[in-house]
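Here is the structure we will look at.
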Ligand SMILES: [Zn+2]
C-alpha cells in the first residue's frame, strides 16, 4: 500500500519527547535505481535497551511496502500495523534483523524531499524527514546507526554513484548495469543520509590535515560546469584549515565530496562526507557571479563543512533542538567570513538582516523561540529565528565568556558529546562547567520568543563629573503570545563620545540582567554621547533620545562600523518620519539641511575598506522604512520616501559624479577586497546619479554594462536603472537576456531584478514573466527569484488593489500541490500583515481564508497560513 503521511495536521510537542527503547546497530541498504520504480532492500539490526516492548514505529511517507521479514522469515500480518505515520511493529524479539522491501517513483517526486530526479541525475534531501520517503525507518535524529549502501543502475546513464563514507566495492553487472558499495564508519541519524547518481564530471583536489592525513576532495558537477568550481574548492581548503586552527577540529573520513544540483529546496546540505549543494553556492566565474556570490559561496562551503562537527559528530536529540546545530554553525560560519573578509561590513549586513527580517518575524503570528516547544511541520522552522537569532545568542555567549572561555566551552562540548544526540541544555552546561559560570538566566534566550526592547536614558551630573545610563528592558509580545517574559542577560557594548568626537570612555561590555538597571561612569567632564550596542552586541531593539547632531557625531567619529552605519540609517528614517508627519498634516514638505551636511564629510573621507564606505552611503530600502515606521500608511510613506531619496541624491549630485568617475576609473579585473570596494562605490554612486541626473546616469549605466569586466559591474548597471522609466532599462534587460538565456543562475538574477522593481508596471511584468520560457514553477531557485522576491517587494506586494496578494496566493495554491516546502516559504510573506492599514488587512484576510477553505493544503502551508490568520 501507499503510505501518505499528509492526512490531518497534528501538532508535536517537546514535552512529549520519549527516548527510543531500542538501538539500530547497523543498516544495510540495497538500492536499485529506476526513475519510475526504485527498489529498496533495507536490512536493520535491532537491539532492545531493556524490557520495554512497546511498538517500534518505522516512519514512511509516499512509499509502497512490498515485503517485511524478521530474521529472514516473512512476518505475520498481526505482528505489525500500517498507519498514517508508517509501520508499527508490535511483536519482536530482543535482538533481530528486520528486512523491509519497498519501492517508489523518484521521477514523480516533485517535493524534492527524499530521493528525486533533477534532470538526468538522482539526488537526495533527507533533512529533516526525507529518509522516510526512501524506506521504512525510525526517522528521528536520536536514532544513530552505521550505514552501508549498495547502489545499482545503468553504467552508461549513471557512471557516477555516490553515498556517505568511503567506497569499498565497484562491480560490473550483466546488461550494462554496475553497482557500488559505500560504507560510513561513523554512526549517524538518517537525516544525514545521501545518495547521488548521474553523468557527473569530477574535479579533484586534496587537503593535508594537521595530523598529516591526506584527504581527497572531490567535487561533482555537470561536465559543462567543470571550470566553475575553483573558488568553492579553495574555500573548502581554507575552511578545513580554519577549523583546525581555531577550534582544533580535524576532518575524519578519507574523502570529502560535494555535489552541485540545480533543483534543490535549500541552500546546501551537510550529509556526512557527501555534501549536496544548490548550484548557486558552488558555481562561479567572473561572467556569471557577483562579488557577493563569491562571498556567499565561501560562507556556505564553510558552513556545511563546519557541520561535520557541530551537527554531524554531535547532533540534535530531536528537531526542537535545531538551533543547537544551526545557530552554532552560523556563528562559526560568520567567524570564518570575518577571517576571509571585512568584519565591519559583515556585521552591518548581519545586523540589517536581524533588524529588518528577523525582528519582523519575531513580532508576527509566526514568532517562536529559537528552541520551539511545538510544531506541526518541522520544515517550517528553518527560520531566521532558529538560524540568525540562534547565532546571535551564541555570539552573546562568546561576548560574555570571552574568546578563550568560549573555546574552552566548545572543547568541553565536543569532548563530552562526540557521537551523541543532545540538547541545547547540554550545550549550555558544557560552557557553564568549562567556565564555572551560571548560565541559567542566559538560557531564557532559548525559551522566550519576541525581541526584547531596551529603553536607555542618560543623566550627566556636571558637579560630580558623573554620568549615569539607565536601562529598562521589556518585551512587546507578538499577537497570541501569552507566555510570561522574564528579564534576559543582555551584553551591551558602550562607548562614550565627546561632541568633538574624542573618546570619553573606551568601549566596554555592560551586562544588563534586570528589568531596571543603572550604570555609573566616573570622571566624565562633559555631557557624553553614548554609542550603544556597538557591534550590534545583542539582538534587541534599543532606543535613546538622540538629537540629530549626536547622530552626526557618531556617523563621523565612532570607531565602530555598526554604530556609524546605524546612526546614518536612524538619521534618515527620522527625517522621513518627520516628512510623513508634514505630509499627513497637509503641510509643505520641508527638509532639514543638517542631514546632508553630516554626510558630506563621509563622502570626502578616504576609507581603507571601500565596501564599508559604500554601505554608509546606501539609503535604507523602502522595505526598511516600512518596518521602521509602521504607523505611517504605505501610500503616504511611498510618496515621502520617493521624495526624500530623490532629494538626497540631488543634494549631493556633484559628489556622485566625482565619486563615480574616480571609482569607475580604478576598476580592476579581480576579486580582491579593494577591487570589489571600487566596484561597490561605483555602483552606489551610479544609483544616486540615476536619481539626480537621469540622462547622465543612463548613459554611464549603458557604458558600464557594455564594458563590464564581470557580473558585479553588469548588475550594478542594471540595479541603477531598475526603478527608472528610462528606455535604457529595457535595453539592458534585453542585452542580459540575449547573453545569459542558457545560464540558469544568471537568469535567476534577471527574474529577481524585475520582481524587485518599484516601477508602476511591476505586477504586470511579474505576471508576464511567469510564462517566460526560462521560468519553471517546479524549480525552487526560479520561484524564489521571481515570486519570493516579489512577495518582499513592499511597494507592489502591498498594492492597494490587493492584486499583489492575489498573485502570490494563486501561486502558493499551485506550488503547494507538488512542493509544500517551497509553497510554505512563500506563504510566510503574509505573516507581517497585522502592521498594515485596515483596508489592506481586510484584503489579506479574505485571500488567506479562501486559501484555507477552498484548497486542500499540505501540513506545511496549512500551518503557516492558519497561524498567520488566527486571532
Ligand atoms: Zn546548517
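The values are calculated or read from the model by the stated rules, or taken from the named source; none is laboratory data. Since we're looking at a predicted model, the values are computed, not measured. Reconstructed Cβ throughout: ideal geometry from the backbone, glycine too, with neighbour counts over all protein chains shown.
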If you go through 402, 409, 390, the only one that is on the phi > 0 side of the Ramachandran plot and in a helix (DSSP H, G or I) is 402
In contact with a strand residue (DSSP E or B) (Cβ under 8 Å, 6 or more places away or on another chain) and within 11 Å of the ligand (Cβ to nearest atom): which single residue out of 387, 375, 305 fits that description? 305
Residue list for segment 312-323, restricted to those being within 11 Å of the ligand (Cβ to nearest atom) and surrounded by 24 or more Cβ atoms within 10 Å (Cβ to Cβ): 322, 323
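Yes/no matrix, rows are residues, columns are (1) at pLDDT 95 or above; (2) surrounded by fewer than 18 Cβ atoms within 10 Å (Cβ to Cβ); (3) more than 30 Å from residue 443 (Cβ to Cβ):
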| position | (1), (2), (3) |
| --- | --- |
| 465 | yes, yes, yes |
| 482 | no, yes, no |
| 488 | yes, no, no |
| 515 | yes, yes, no |
| 518 | yes, yes, no |
| 528 | yes, no, yes |
| 547 | no, yes, yes |
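Does residue 558 satisfy the criteria of being in contact with a helix residue (DSSP H, G or I) (Cβ under 7 Å, 6 or more places away or on another chain), within 18 Å of residue 454 (Cβ to Cβ), surrounded by 15 or more Cβ atoms within 10 Å (Cβ to Cβ) and outside the structural domain of residue 438 (by TED's automatic domain parsing)?
On the way: in contact with a helix residue (DSSP H, G or I) (Cβ under 7 Å, 6 or more places away or on another chain): yes; within 18 Å of residue 454 (Cβ to Cβ): no; surrounded by 15 or more Cβ atoms within 10 Å (Cβ to Cβ): yes; outside the structural domain of residue 438 (by TED's automatic domain parsing): yes.
In short, no.
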Please pick out the residue among 501, 450 that is over 28 Å from residue 603 (Cα atoms), touching a helix residue (DSSP H, G or I) at 6+ places or on another chain (Cβ under 9 Å) and part of a loop (DSSP other than H, G, I, E, B). 450
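Condition first: outside any helix (DSSP H, G or I) and touching a helix residue (DSSP H, G or I) at 6+ places or on another chain (Cβ under 9 Å). Now tell me which residues in segment 671-708 satisfy that. Walk me through it before giving the result.
Narrowing segment 671-708 to residues outside any helix (DSSP H, G or I): 671-672, 693, 707-708.
Within segment 671-708, 671, 693, 707, 708 meet the criteria.
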Among the residues of segment 827-856, write down those that are in contact with a helix residue (DSSP H, G or I) (Cβ under 6 Å, 6 or more places away or on another chain) and assigned to a loop (DSSP other than H, G, I, E, B). 855
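Name the residue, out of 34, 120, 84, that is surrounded by 14 or more Cβ atoms within 10 Å (Cβ to Cβ), closer than 27 Å to residue 264 by Cα and either within 39 Å of the chain's Cα centre (by Cα) or modelled with pLDDT of 95 or more (or both). Even if it seems obvious, please write down each step before you answer.
Numbers: 120 fails: surrounded by 14 or more Cβ atoms within 10 Å (Cβ to Cβ); 84 fails: surrounded by 14 or more Cβ atoms within 10 Å (Cβ to Cβ).
On inspection, the qualifying residue turns out to be 34.
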Among the residues of segment 857-871, which ones are over 23 Å from the mean Cα position of the chain (by Cα) and in a helix (DSSP H, G or I)? 866, 869
Conditions (1) more than 16 Å from residue 538 (Cα to Cα); (2) within 16 Å of the ligand (Cβ to nearest atom); (3) within 15 Å of the chain's Cα centre (by Cα): number failed by residue 361: (2)
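Condition first: within 16 Å of the ligand (Cβ to nearest atom) and outside the structural domain of residue 535 (by TED's automatic domain parsing). Can you find one or more residues in segment 403-410 that meet it?
no
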Any residue in segment 827-838 that is more than 26 Å from the chain's Cα centre (by Cα) and on the phi < 0 side of the Ramachandran plot? yes
Looking at 232, 299, which is the one that is modelled with pLDDT of 95 or more and either within 11 Å of the ligand (Cβ to nearest atom) or closer than 22 Å to residue 396 by Cα (or both)? 299
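Per-residue answers, yes or no, for (1) touching a strand residue (DSSP E or B) at 6+ places or on another chain (Cβ under 6 Å); (2) part of a helix (DSSP H, G or I):
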position	(1), (2)
505	yes, no
525	no, no
531	yes, no
539	no, no
550	yes, yes
570	no, yes
Please state which one of 765, 778 is assigned to a loop (DSSP other than H, G, I, E, B) and within 16 Å of residue 751 (Cα to Cα). 778
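Just give me the residues in segment 250-270 being within 16 Å of the ligand (Cβ to nearest atom), in a loop (DSSP other than H, G, I, E, B) and either touching a strand residue (DSSP E or B) at 6+ places or on another chain (Cβ under 8 Å) or closer than 18 Å to residue 209 by Cβ (or both), in sequence order. Let's see the steps before the verdict.
First pass over segment 250-270, keeping only residues within 16 Å of the ligand (Cβ to nearest atom): 258, 264-270.
The next check asks that each one be in a loop (DSSP other than H, G, I, E, B); those that pass are 264-267, 270.
Matches in segment 250-270: 264, 265, 266, 267.
Against the condition in the same structural domain as residue 331 (by TED's automatic domain parsing), closer than 24 Å to residue 624 by Cβ, in contact with a helix residue (DSSP H, G or I) (Cβ under 8 Å, 6 or more places away or on another chain) and touching a residue at least 24 places away in the same chain (Cβ under 8 Å), how does residue 395 come out, does it pass? Give the derivation first.
Details: in the same structural domain as residue 331 (by TED's automatic domain parsing): yes; closer than 24 Å to residue 624 by Cβ: yes; in contact with a helix residue (DSSP H, G or I) (Cβ under 8 Å, 6 or more places away or on another chain): yes; touching a residue at least 24 places away in the same chain (Cβ under 8 Å): yes.
So residue 395 fits the description; yes.
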Would you say residue 821 is under 30 Å from residue 106 (Cβ atoms), at pLDDT below 95 and crowded, with 16+ Cβ neighbours inside 10 Å? no
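Given 141, 185, which one is under 24 Å from residue 24 (Cβ atoms), touching a strand residue (DSSP E or B) at 6+ places or on another chain (Cβ under 7 Å) and assigned to a loop (DSSP other than H, G, I, E, B)?
Sole residue among the options that is under 24 Å from residue 24 (Cβ atoms), touching a strand residue (DSSP E or B) at 6+ places or on another chain (Cβ under 7 Å) and assigned to a loop (DSSP other than H, G, I, E, B): 141.
For every residue, the table says whether it meets (1) modelled with pLDDT under 95; (2) within 13 Å of the ligand (Cβ to nearest atom); (3) outside the structural domain of residue 785 (by TED's automatic domain parsing); (4) surrounded by 23 or more Cβ atoms within 10 Å (Cβ to Cβ).
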residue: 284; (1), (2), (3), (4): no, no, yes, yes
residue: 309; (1), (2), (3), (4): no, yes, yes, yes
residue: 329; (1), (2), (3), (4): no, yes, yes, yes
residue: 338; (1), (2), (3), (4): no, no, yes, no
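Here's the yes/no breakdown for (1) assigned to a loop (DSSP other than H, G, I, E, B); (2) on the phi > 0 side of the Ramachandran plot; (3) free of Cβ contacts under 8 Å to residues at least 12 places away in the same chain; (4) in the same structural domain as residue 800 (by TED's automatic domain parsing):
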{"position": "586", "(1), (2), (3), (4)": "yes, yes, yes, no"}
{"position": "591", "(1), (2), (3), (4)": "yes, no, no, no"}
{"position": "595", "(1), (2), (3), (4)": "no, no, no, no"}
{"position": "615", "(1), (2), (3), (4)": "no, no, no, no"}
{"position": "627", "(1), (2), (3), (4)": "no, no, no, no"}
{"position": "644", "(1), (2), (3), (4)": "no, no, no, no"}
{"position": "647", "(1), (2), (3), (4)": "no, no, no, no"}
